[in-house]
1. Under 17 Å from a point 7 Å along the Cα-to-Cβ line of E105: which residues of the stretch 169-184 have their amide N that close?
2. Where the only charges are on Cβ atoms (+1 Lys, Arg; -1 Asp, Glu), what is the dipole of the stretch 128-177 about its Cα centre, to the nearest 20 debye?
3. Along each principal axis of its Cα atoms, how long is the stretch 130-170 end to end? Whole angstroms, biggest number first, please.
4. Based on the Cβ-Cβ distance from V56 to H154, what FRET efficiency comes out when R0 is 35 Å, to the nearest 0.05?
5. Please identify every one of the chymotrypsin sites (Phe, Trp or Tyr not before Pro) in the stretch 129-171 that sits in a loop by DSSP and has no more than 14 other beta carbons within 10 Å of its own beta carbon.
6. Hey, what did the stretch 12-54 get for relative contact order, percent, Cα under 8 Å, at least 6 apart?
7. Work through the residues other than K175 whose Cβ is under 12 Å from its Cβ and net out their charges, Lys, Arg +1 and Asp, Glu -1.
Amino acid sequence: MNCFEEIRNRLEIRTVAERYGIEIKRNNTCLCPFHDDHHPSAHIYPNAFHCFTCNVHYDILGFVMELFGLSAIDATKSFGHKKEYHKPKYSAAAEIQKIKRKKREHFEKWEHEAYQTIHDYLWFMRDWFEKYKPSPNDTYIDERFHIANVEYHHAEEFSLDWIQQFSNEEKVEWKWVVDKMRNFLDEHKEEEKSQSAESSETYIKVSRAKSPDSIPVNW
Ligand SMILES: [Zn+2]
């Protein structure tokens, strides 16, 4: 039996968590120390900690490593070799936790705004699609109709991937697309507004929309 197994056999995660100030309710739930939790969203199993919000799962060692920002060896040392174990140095560890929590909250805020942007972009394109759809007798087709025709479908697909497929890392990797959407919206929302006030300017705006720079996202 190696030292990791020895600890897993000897100690219960519940005892350790309580020792470190985590209050465990009767139904084995507790406030998650890894995110800003107000209603218990973590569950203590006989051999594991699981948070349904963070979607993390730790055994006793993983839990202590994460809680105090320790390596596996240092976490093991913190349990000592006999029946006793001591609390790892809290000051530095608490600081690490604070930074981790800040980072997570920062990400969550960004992710929320990013999704809002994707959603806005999707609706904006749907709007353009309807608004500039040529009628059967039109010989002239507004460039915005072409853009919206392609972009709407791309944005729809992207939005579904965002919700169903992307990991957090992938979301960050695709940040450039969200940024382009944001820029595009910032630029064109104003344009649309002023246009509905002065419809005589429509044609000038149309030719602006033809410049390659204003083609939205290069998928
Ligand atoms: Zn959590």
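What follows draws every value from the coordinates through simple rules; no lab data is involved. Values in this document were obtained by computation on a predicted structure and should not be read as measured data. Please note: Cβ atoms are built from the backbone with ideal geometry, for glycine as well, and neighbour counts cover all protein chains shown.
1. Those under the cut-off are none; the list is empty.
2. 180 debye
3. Principal-axis extents of the Cα atoms in the stretch 130-170, largest first: 47, 13, 11 Å.
4. That pair, V56 with H154, gives E of 0.60.
5. Passing sites in the stretch 129-171 are Y140.
6. 34 percent
7. -3
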